[in-house]
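The values are calculated or read from the model by the stated rules, or taken from the named source; none is laboratory data. None of these values were measured; they are calculated from a predicted model. So basically every Cβ, Gly included, is an ideal-geometry build from the backbone, and we count neighbours across all protein chains shown.
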Amino acid sequence: MYCKRIEVENFRNIEKAEIDFSDGVNILVGENAQGKTNLLEAIFFSSVGRSFRTPHSNELIRFGESYGDVLLTYRDSSRENKIHLKIMKDKQKLVEKNGLKMDKLSDIVGSFRSVLFCPEHLSLIKEGPHERRGYMDVAISRLYPMYIHSLQRYAYFLKQRNALIKNAIKDRATFDATVELWTEKLADEASTIASMRYKYVKRAEKHIVECFSEMTGDRERPTVIYDGSSGQIEEEYLDKEKTRKKYFELLMTSHEREILAGTTLFGIHKDDIDIRLNGNRARNYASQGQQRSLALAMKLAEGEICCEEYGDHPVFLFDDVLSELDEGRRDYLLNRIEGKQVIMTTCEIDSMEKISGAKKIEVKSGSYKEI
Ligand code: ATP
Ligand code: MG
């Protein structure tokens, strides 16, 4: 798969730009605050229908304008396609694929496939579970668009159930009469999501272990396991009915604690990925370098799985990552991505000297020029 061209209008600091990419390495080079990340954001936006920097699409519209527009042309194994997204202030986005209007943003997820890696991804190891749930959710949505609908339904049921819990002190009768219904719906959706996450993480672990050991030659071996907050043992996730029952029973026996806390205490919105090196939690024990290697291995695993599933490589988007890596890891990464399309950003072109044949694009105040 490769991103051939992007046409952008009123997106962040880009007033108007038309950029053609090569199917190999593309380097966006420029000083700080010129529009390098903004362009990657526009490409990623065409991939998943949302930004990696903000949940509010109004922020993507250029200051003082009423709309933003992105038209991306890409090739997959069979044909050339176009994804068109138009963001209008405080309105629903317009989404088109090959000129056909799509009902929902989620209809384009999985079409143009990209894997993004930026320095903040170190938080995959360092930060709390929220980051790791995001990692699973983006990757699984790309493979199975129905997963997005499960997440949306889960979020809706959770909101209803939380409102009920909050109101229980004032109105216990309504709580008692309806909590079972919402709990059933929540447990049902939770079991679908948990089993997909479990299978994905199991699959990713194989690639993460391989990348990590190739990269570091380390004798320390990573383990990467889906960590449900509801005490399931691993294989139980494969049995949807067992998982559903477990969530349901746990939630139905936690009412008093939940009313005290004012929220739903268990479920997939609390889950995590348990990442360890030789049995020790990476978050607490791994060195900076090991954490960096693990985060990179997780992103490369995302690309590998995407390729296994669709038969072609996704487009890799690297925001400012090469300058953050030491020479060994940089060489490993460059080797690993050979033959794939990469669009990367940097402030220092010198750090890219080892890459031959790359297309270099200079970025200045939201304008893009091949150099
Ligand atoms: P760095 O090397 O520091 O990462 P960069 O080239 O990646 O820089 P970007 O993040 O792409 O920089 O662009 C940042 C610029 O875009 C800032 O000057 C910011 O003020 C501007 N900007 C962000 N959002 C908008 C918007 N909605 N409208 C206009 N300009 C915006
Ligand atoms: Mg940037």
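Picking from residues in the stretch 304-346 that are of a type in the set (Ser, Thr, Tyr) and over 20 Å from the mean Cα position of the chain (by Cα), the one that is farthest from ligand 2 (Cβ to nearest atom) is TYR332. Out of the residues in the stretch 70-81 that are within 22 Å of the chain's Cα centre (by Cα) and more than 15 Å from SER114 (Cα to Cα), which is nearest to ligand 2 (Cβ to nearest atom)? Top of the filtered list is VAL70.
Can you spot a residue in the stretch 242-263 that is among the small types (Gly, Ala, Ser) and crowded, with 20+ Cβ neighbours inside 10 Å? No, that holds for no residue.
Annotation for the stretch 275-293: no member residue is closer than 30 Å to ILE165 by Cβ, of a type in the set (Gly, Ala, Ser) and either surrounded by 22 or more Cβ atoms within 10 Å (Cβ to Cβ) or at pLDDT 90 or above (or both). Only residues that are among the acidic types (Asp, Glu) and within 15 Å of ligand 1 (Cβ to nearest atom): list them for the stretch 1-51, please. Matches in the stretch 1-51: GLU9, GLU15, GLU31, GLU41. Here ASP331 fulfils each of the conditions (1) without any contact (Cβ under 8 Å) to a residue 60 or more places away in the chain; (2) crowded, with 21+ Cβ neighbours inside 10 Å; (3) outside the structural domain of LYS206 (by TED's automatic domain parsing) apart from (2). Would you confirm whether or not the stretch 110-119 contains a residue that is at pLDDT below 95, assigned to a strand (DSSP E or B), within 16 Å of MET344 (Cα to Cα) and within 16 Å of ligand 2 (Cβ to nearest atom)? Within the stretch 110-119 (the criterion being at pLDDT below 95, assigned to a strand (DSSP E or B), within 16 Å of MET344 (Cα to Cα) and within 16 Å of ligand 2 (Cβ to nearest atom)), the answer is yes, since at least one residue qualifies.
Taken residue by residue, the stretch 135-154 has at least one member that is farther than 30 Å from GLN290 by Cβ and not in a helix (DSSP H, G or I). In this structure, SER22 does not satisfy being more than 13 Å from ligand 2 (Cβ to nearest atom), closer than 29 Å to ILE148 by Cβ and of a type outside the set (A, V, I, L, M, F, W, C).
The residue that is farthest from ligand 2 (Cβ to nearest atom), counting only those in the stretch 352-371 that are closer than 18 Å to GLY24 by Cβ and of a type in the set (Ser, Thr, Tyr), is SER356.
Being more than 28 Å from ARG142 (Cβ to Cβ), outside the structural domain of SER46 (by TED's automatic domain parsing) and acidic (Asp, Glu) is the requirement here; does GLU258 meet it? Here the answer is yes, as GLU258 does meet what is asked. Of the strands (runs of 3 or more DSSP E) lying entirely inside the stretch 24-91, those carrying at least 1 residues that are crowded, with 17+ Cβ neighbours inside 10 Å and of a type in the set (Lys, Arg) are 80-88.
Each residue in the stretch 340-371 was checked for being surrounded by fewer than 12 Cβ atoms within 10 Å (Cβ to Cβ), within 20 Å of MET215 (Cβ to Cβ) and in contact (Cβ under 8 Å) with a residue 40 or more places away in the chain, and 0 of them qualify. Of everything listed in (1) assigned to a helix (DSSP H, G or I); (2) exposed (fewer than 13 other Cβ atoms within 10 Å of the Cβ); (3) in contact (Cβ under 8 Å) with a residue 60 or more places away in the chain; (4) of a type in the set (A, V, I, L, M), the single unmet condition for ALA177 is (3). Whether any residue in the stretch 194-215 is part of a loop (DSSP other than H, G, I, E, B) and crowded, with 18+ Cβ neighbours inside 10 Å is what I want to check. Checked the stretch 194-215: no residue is part of a loop (DSSP other than H, G, I, E, B) and crowded, with 18+ Cβ neighbours inside 10 Å.
Whenever a residue of the stretch 54-68 is more than 16 Å from ligand 2 (Cβ to nearest atom), it has no partner that is among the hydrophobic types (A, V, I, L, M, F, W, C) and in a loop (DSSP other than H, G, I, E, B) lying with C-beta atoms less than 8 angstrom away and at least six residues away or across chains.
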